[in-house]
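Written below as C-alpha cells is the structure these notes are about.
The values are calculated or read from the model by the stated rules, or taken from the named source; none is laboratory data. Values in this document were obtained by computation on a predicted structure and should not be read as measured data. Here Cβ is always computed from backbone atoms with ideal geometry, including for glycine, and neighbour counts include all displayed protein chains. When the accessible area is computed, the model is the full protein with side chains, heavy atoms only, and any ligands, DNA or RNA have been set aside. Shrake-Rupley method; radii C 1.70, N 1.55, O 1.52, S 1.80 Å.
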Amino acid sequence: MSPPSPTLGTLLRHLIELLDGDVQAAYTTAGLAWRPRYTPILRGLMSLGPAPIKALALKIGISHSAVSQTVSQMSKDDLVELKPGADARERIVALTPKTQAMVPALQRQWAAVNAAAADLDAELSAPLSGVIQEAITALSQRPFGQRI
C-alpha cells in the first residue's frame, strides 16, 4: 500500500517551511536578528506609524490574535515597544530605535526576496503569488467551511 498523498494543509505548511527557512537563513547571513513573521508587522507600522494592534491587524490582513502574539515576541526582542492606548484594553505598538536602524538592511533583504519570488514564479506553470491571491479572493467570497 502506497503512502497517502499529502493534503492541501500539509502541502501549504511544507511550502511555508521551505520559504521561511531560507528567508530566515538570508537574514541570519546578513547579520540581522529578524524573523520572517515580523515583516508584515514592520511594514504595517512603517505605513501607519505607531498604531493599536487592532488597526495593525486590519492593515496587514492578519488576525488580531496572530498580530498580538507576534508583537509580544517582537517586544521581547526589543523590536517594538507597547504603550497604553486610549483605554486600558488598547495597546499602541511603536518601533524601537533598534528596529528603525535595521530598516535599510531589511529593505535590501526584501528586495532580494521579492526578486527570488519573481524567479520562482517564472519557473512555475502559473505564478504562485497569483494563485495564492486567487485562492484568498475565492475563500473571501465563499469560506472553506462552507465548502466542507
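Okay, residues lined up against (1) over 28 Å from Leu139 (Cβ atoms); (2) touching a strand residue (DSSP E or B) at 6+ places or on another chain (Cβ under 6 Å):
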{"residue": "Thr7", "(1), (2)": "no, no"}
{"residue": "Ala30", "(1), (2)": "yes, no"}
{"residue": "Arg37", "(1), (2)": "no, no"}
{"residue": "Lys59", "(1), (2)": "no, no"}
{"residue": "Ser63", "(1), (2)": "no, no"}
{"residue": "Ala66", "(1), (2)": "no, no"}
{"residue": "Leu82", "(1), (2)": "yes, yes"}
{"residue": "Ala86", "(1), (2)": "yes, no"}
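Figure legend. Inter-residue proximity from region 121-141: first residues closer than 16 Å to Leu15 by Cα, second residues surrounded by 11 or more Cβ atoms within 10 Å (Cβ to Cβ) and acidic (Asp, Glu), beta-carbon distance below 8 Å, spacing 6+ or different chains. Indicated pairs: Pro127/Asp121; Leu128/Asp121; Ser129/Asp121; Gly130/Asp121.
Determine if region 52-64 includes at least one residue that is of a type outside the set (Val, Ile, Thr) and within 21 Å of Leu12 (Cα to Cα). Spell out how you get there, then give the answer.
Of the residues in region 52-64, the ones of a type outside the set (Val, Ile, Thr) are 52, 54-59, 61, 63-64.
Right, trim to within 21 Å of Leu12 (Cα to Cα) and you get 61, 63.
Within region 52-64 (the criterion being of a type outside the set (Val, Ile, Thr) and within 21 Å of Leu12 (Cα to Cα)), the answer is yes, since at least one residue qualifies.
In a residue-by-residue description of region 3-21, the property of being in contact (Cβ under 8 Å) with a residue 60 or more places away in the chain, among the hydroxyl-bearing types (Ser, Thr, Tyr) and either part of a loop (DSSP other than H, G, I, E, B) or surrounded by 12 or more Cβ atoms within 10 Å (Cβ to Cβ) (or both) applies to no position. None of Ser63, Ser125, Ser75, Ser140 is hydroxyl-bearing (Ser, Thr, Tyr) and surrounded by 12 or more Cβ atoms within 10 Å (Cβ to Cβ) except Ser75.
Within region 33-50, does at least one residue satisfy the condition of being more than 12 Å from the chain's Cα centre (by Cα), over 19 Å from Gln107 (Cβ atoms) and surrounded by fewer than 17 Cβ atoms within 10 Å (Cβ to Cβ)? Looking for residues that are more than 12 Å from the chain's Cα centre (by Cα), over 19 Å from Gln107 (Cβ atoms) and surrounded by fewer than 17 Cβ atoms within 10 Å (Cβ to Cβ), one finds at least one in region 33-50, hence yes. Would you say Gln100 is at pLDDT below 95, open to solvent by 90 Å² or more (accessible area, probe 1.4 Å) and under 18 Å from Pro40 (Cα atoms)? Taking the combined requirement at face value, the residue does not satisfy it.
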